[in-house]
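Data first, discussion second: the structure below is written as C-alpha cells.
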Amino acid sequence: MTALTLSTSSAATLRADAIVVGVAKGPKGPVIAPGAEAVDKAFGGKLATVLETLGATGAEGEVTKLPAASGLKAPVVLAVGLGEAPAKGDGFDAEALRRAAGSAARALAGSKKGAFALPVEDAAAAAAVAEGALLGAYAYDKSKSKSNSNGAKGGKGKGDEDRKNNGPLAEVALLGAKPRDKAYKAAAERATALIAEVNRARDLVNAPSNVLDPASFAAAAVTAAKEHGLKTEVLDEKALAKGGYGGILGVGQGSEAPPRLVRIAYTHPKAEKTLALVGKGITYDSGGISLKPAGHNETMKCDMGGAAAVFAAVVTAAKLGLRVNVTGWLALAENMPSGSATRPGDVLSMYSGKTVEVLNTDAEGRLVLADALTRACEEKPDAIVDVATLTGAMVVALGNRTFGIMSNDDAFRTALHEIAEEAGEASWPMPLPADLRKGIESPVADLANIGDRMGSGLVAGVFLKEFIEDGIAWGHLDIAGPAFNDGGPFGYTPKGGTGSAVRTLVRLAERTADGDLG
C-alpha cells in the first residue's frame with residue numbers, strides 16, 4: 001500500500017516527483033487554495049494566471065500539470081480542482097478534499113513520491129486529504145502476468161519495468177500537517193488503517209471467481225483473524241446442512257464450489273455495545289436456473305461486495321481498537337445452474353424455520369442473507385446492519401454512485417444516512433412500505449423470494465425484515481450501484497471494485513463505541 005507521511009517541509013524545498021496544489025473556482029477565475037503559498041511565490045504570485053492560461057478553471061476533479069518554476073525542488077506542479085471556493089472564513093468540504101486528493105494520486109501513478117500541498121488547516125481536513133490520496137493510489141494487478149515482455153518467466157524484463165511505471169503512487173507526503181500534533185498523527189494513523197481495509201475489500205471484489213470461491217474467501221478471513229486477534233467460525237456444507245441453513249445451501253447447491261457461513265468477531269474488554277454486520281457473499285452470480293441475460297454476467301464476480309465490506313470493517317475495528325464488539329457474518333455461496341441447482345418453484349426451509357418458495361433463482365442474495373440475519377439475531381446484538389449488492393432496482397432508482405438505506409427503525413435509518421454522508425459515501429434513505437408485504441405471499445410456503453416488480457428494491461428489504469427479531473434495530477444497505485465501477489475512474493474511485501460501505505460501517509462502529517447512537 002502507498003506510504004503516508006506527515007511533513008513540515010516547505011513545498012519549495014521538499015524533493016518529490018510532483019507537488020500537488022489545490023485550485024478552486026473563484027468569481028473571477030481560478031484561485032489558489034491555502035497550502036500552496038510557497039509554490040505560488042515561486043511563480044511570482046502568478047500561479048493562478050498561469051493555470052488559467054492553460055485552461056484550468058478549478059472545477060472539481062480537473063487536473064493540470066505544468067513544469068515547476070525555478071526555486072522548487074520538484075520538477076512538476078500538479079494542480080487539482082476543488083470546485084467552488086468556500087465563503088470567506090469557511091474551509092473546503094471534506095469530500096471535495098478527498099476527491100481532489102484522489103484525482104491527484106491517480107494522475108501520479110508510477111511516481112515514487114507526491115508532495116500534497118492541499119488545505120489541511122485542521123486534523124479533519126488532513127484526514128480527508130490522506131484518505132483521498134490513499135484511495136486514489138489504489139491499483140489491482142494481482143491477476144497480471146509476472147513474465148517479462150518476451151513471455152519468458154523469471155528475471156527482470158521490460159514487463160516488470162512497465163508494471164512499476166504504471167503502478168500506484170508509492171508515497172504521499174502530506175505538507176502542512178503536524179507530525180507531532182496528536183490530532184494530526186491520529187488522523188494519519190486512522191486513514192492508513194481504514195484505507196488499507198477498503199483496499200482489501202477492493203481486492204476481494206476484483207479477484208476473479210475462479211480464484212475467490214466461498215472456501216478461499218473463508219480461508220482469507222481465517223488468515224486475517226489470526227493476524228489481528230479475531231475469533232472465527234466457519235460452517236462448511238456439512239455443518240450448514242446439519243444446522244438447517246436452507247437458504248445458503250439452496251443457493252449454493254448448483255455449484256461444485258460449496259457454500260460457507262463465516263463468523264468473524266472482534267471484541268473489546270470494555271465494550272458496552274455489540275454490532276452485528278451481515279454481508280452478502282455471492283462469489284459468482286450466474287442467476288442460477290433463472291440465468292442472467294447476455295451482457296449481465298461479466299462483472300458478477302462483484303456480487304460478494306457486501307461480505308467484503310463487512311470483513312474489512314471488522315478488521316478495521318480491531319486495528320483501531322474501538323471500544324465496541326463487532327461481529328461479521330459472511331454468507332458465502334456461488335450461484336450456478338446445474339442438474340443439482342435449485343429450480344424456480346422449489347421450496348427451501350430456512351434457518352429461521354420459515355419456508356420460502358423460490359420463484360426466481362436470481363433473487364438469491366436475500367436467501368443467504370436471511371439465514372445469516374437469523375443467526376446474527378440469536379446473539380442479541382444492539383443493532384444489525386446487512387450490506388449487499390442486492391437489486392438492480394436500486395441502481396435504477398439511485399444510479400451507480402448512491403446506495404439505498406432501509407430499516408425497521410426510522411431513527412436508525414436516519415443515523416445510518418448521516419453516518420454515510422459523514423464518511424463520504426453517497427446514500428439515500430428508502431421506505432419499507434407495508435403494502436409490499438402482500439406481494440411476497442406464497443400459496444405453498446410462508447414467503448416467496450420475489451414480489452411485485454414495481455418497487456422490487458424495496459420488496460427485497462421487506463423480505464429481509466421478516467428474518468429480524470422484534471426489538472433489534474436493523475439496517476439494510478443495498479450497494480448494488482456503487483460497489484463496482486465498470487466505467488472510467490473518477491476522484492478516488494477506481495475502475496472495478498470500490499470498497500463501498502466499508503467507511504460507513506467503520507464510522508458506525510466508531511459512533512457506537514463513543515456512545516453516540518444511544
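The values are calculated or read from the model by the stated rules, or taken from the named source; none is laboratory data. Given the structure is predicted, the values throughout are model-derived calculations rather than measurements. Glycine gets a Cβ as well: all are built from the backbone with ideal geometry, and neighbour counts include every protein chain shown. Just the protein is used for accessible areas: all its heavy atoms, side chains included, with ligands, DNA and RNA removed. Shrake-Rupley method; radii C 1.70, N 1.55, O 1.52, S 1.80 Å.
Quick notes on this structure:
- Out of Val31, Val20, sole residue that is modelled with pLDDT of 95 or more, outside any loop (DSSP other than H, G, I, E, B) and more than 30 Å from Asp141 (Cα to Cα): Val31
- Hits in the range 396-413 (condition: surrounded by fewer than 21 Cβ atoms within 10 Å (Cβ to Cβ) and farther than 10 Å from Gly475 by Cα): Val396, Ala397, Leu398, Gly399, Asn400, Arg401, Thr402, Ala411
- Residue pairs meeting the criteria (Cβ under 7 Å; at least 6 apart or on separate chains; first crowded, with 24+ Cβ neighbours inside 10 Å, in the range 491-507; second of a type in the set (Asp, Glu)): Ser500/Glu425; Ala501/Glu425; Val502/Glu197; Arg503/Glu425; Thr504/Glu425
- All of Ala105, Ala69, Ala94, Ala79 fail the test of being under 16 Å from Ala11 (Cβ atoms) and buried (at least 18 other Cβ atoms within 10 Å of the Cβ), apart from Ala79.
- Asp382 of a type in the set (Asp, Glu), open to solvent by 10 Å² or more (accessible area, probe 1.4 Å) and farther than 24 Å from Trp329 by Cα: no
- Residues that are surrounded by fewer than 16 Cβ atoms within 10 Å (Cβ to Cβ) and part of a helix (DSSP H, G or I) within the range 287-306 are absent altogether.
- Any hit, the range 52-64, residues being within 33 Å of the chain's Cα centre (by Cα), open to solvent by 20 Å² or more (accessible area, probe 1.4 Å) and at pLDDT below 95: yes
- For the range 212-232, a residue qualifies if it is β-branched (Val, Ile, Thr) and under 21 Å from Ile248 (Cβ atoms), and the qualifying residues are Val222, Thr232.
- Of the numbered criteria (1) in contact (Cβ under 8 Å) with a residue 40 or more places away in the chain; (2) in contact with a strand residue (DSSP E or B) (Cβ under 9 Å, 6 or more places away or on another chain); (3) surrounded by fewer than 23 Cβ atoms within 10 Å (Cβ to Cβ), the one Gly345 fails is (1).
- Annotation note: of Ala363, Ala376, the sole residue that is surrounded by 20 or more Cβ atoms within 10 Å (Cβ to Cβ) and in a loop (DSSP other than H, G, I, E, B) is Ala363.
- Checked against the criterion of being free of Cβ contacts under 8 Å to residues at least 24 places away in the same chain and within 19 Å of Leu369 (Cβ to Cβ), the candidates Leu275, Leu261, Leu240 yield just one match: Leu240.
- Qualifying position, being over 24 Å from Gly392 (Cα atoms) and either touching a residue at least 60 places away in the same chain (Cβ under 8 Å) or not in a helix (DSSP H, G or I) (or both), among Ala309, Ala318: Ala318
- Among residues of the range 26-48 that are more than 19 Å from Gly81 (Cβ to Cβ), none has a Cβ under 6 angstrom from a residue that is aromatic (Phe, Trp, Tyr) at a sequence gap of 6+ or on a separate chain.
- Of all residues in the range 65-105 being charged (D, E, K, R) and over 32 Å from the mean Cα position of the chain (by Cα), the one that is modelled with the highest pLDDT: Lys73
- The residue pairs whose first member lies in the range 423-449 and is under 30 Å from Ala124 (Cα atoms), whose second member is open to solvent by 20 Å² or more (accessible area, probe 1.4 Å) and among the polar types (S, T, N, Q), and whose beta carbons are closer than 8 Å, counting only pairs six or more residues apart or on different chains, are Ala426/Thr402; Ser427/Thr402; Trp428/Thr402; Pro429/Thr414.
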